[in-house]
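Below: the structure, in structure tokens.
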Amino acid sequence: MKIQITGRTFTMKSSISEEQVRRLEEHIEAKYQKLCENKNTKAGSSFDRDLVLLLINIANDFLEEKDKIDYLKKEMLLKIDSLINKIDGIL
């Protein structure tokens, strides 16, 4: 399977769908373009450094979303426990 990022084509082995690959390409490309805009540099210059910054940015987004999900899970479990206690009190 081929994925194109910043004008470069990479070959990878994966079981993800073609649609998911396109979504990944779009997401990474948008992040990369934003990174270049913020740095006031042209896309493609100092590619390795830019790629590392991009990966850090995407990993940070992932961890922030994971933290939100973890928080919501804890909140949901607390509410479930509260409802179970209320039901037990009625029965």
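We did not get these values from a lab; they are worked out from the coordinates using the rules stated. Just so you know, these numbers come straight off a predicted model, no measurement behind them. Every residue, glycine as well, gets a Cβ built from its backbone with ideal geometry; the counts of neighbours run over all protein chains shown.
One chain, two ends: residue 22 and residue 81. Fully extended at 0.36 nm per residue, the span grows by 17.1 nm beyond their Cα-Cα distance. The Cβ shell under 12 Å around residue 51 holds other residues with a net charge of +1, Lys and Arg each +1, Asp and Glu each -1. Largest first and in whole Å, the equivalent-ellipsoid semi-axes of region 2-90 read 41, 17, 9, each the square root of five times a Cα gyration tensor eigenvalue. The long axis of helix 18-39 is offset from the longest Cα principal axis of the chain by roughly 70 degrees.
Positive contributions from Lys and Arg (+1) and negative ones from Asp and Glu (-1), summed over other residues with Cβ under 15 Å from the Cβ of residue 78, come out at +1.
Model label points for residue 34 and residue 5, set 7 angstrom from Cα along the Cα-to-Cβ axis, are 1.6 nm apart. Based on Cα contacts under 8 Å between residues 6+ apart, the chain shows a relative contact order of 18 percent. For residue 5, the residues whose amide H sits under 5 Å from its own are 10, ignoring neighbours fewer than 5 places away on the same chain, with H placed 1.01 Å from N.
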